[in-house]
Each structure stands twice: as structure tokens, then as C-alpha cells.
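Report on one structure; see the data block that follows.
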């Protein structure tokens, strides 16, 4: 069995770029659009037909994956400044 490669630690420069992006007006627009997409996916899950349980499960999992990806991306950008501070404290 092949072992997974461990990702490199997060670089402080990357976090700085995300923290800078969080302060831009474009980020607010993107965040609002992502929240709209999340609500759309939630509404879509509720409206899925239930006659085929396997297809229902697949579609729900797919939609939940989209929601999770968007939420994680938003969280990464919104918490970048905090994560940068934590990394700086570890280096001291």
C-alpha cells in the first residue's frame, strides 16, 4: 500500500495573501455569491425526488460536497489573519 504524501505546512506568505484578499471589496462580493450558491444547493437538496434512494444519496452527497468546499474556502480566507498570528507565535 502506497503512503500518501504529507502536504507542506502552510506558509505565512500564503496566509498573508489570503488575509489581504479578505479585506478587498471583491472578497465581500465573492463571499456573498458563495453564500447564495450554498443556499441554492440546500434548497436543491430539499427538492430532490425521493423515489430512487440510491440516486438521492448520490445527489445529496454531491451537493453537500459543493457546500463543504465553499464553506471551507470562505473559512480559510476569513481566518487567515488569525492563523498567521498563530504561526508567528510558534516561530518565536
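Some points to look at:
- Rg then Dmax, both in Å and based on the Cα atoms of the chain: 18.0, 59.
- Folded to 0 to 90 degrees: helix 53-78 orientation relative to the chain principal axis, Cα: 20
- Taking the longest Cα principal axis of the chain as reference, the axis of helix 25-46 is set at about 30 degrees.
No lab work stands behind these numbers, since they all come straight from the coordinates. This one's a predicted model, so the numbers in the text were calculated from it and none came from an experiment.
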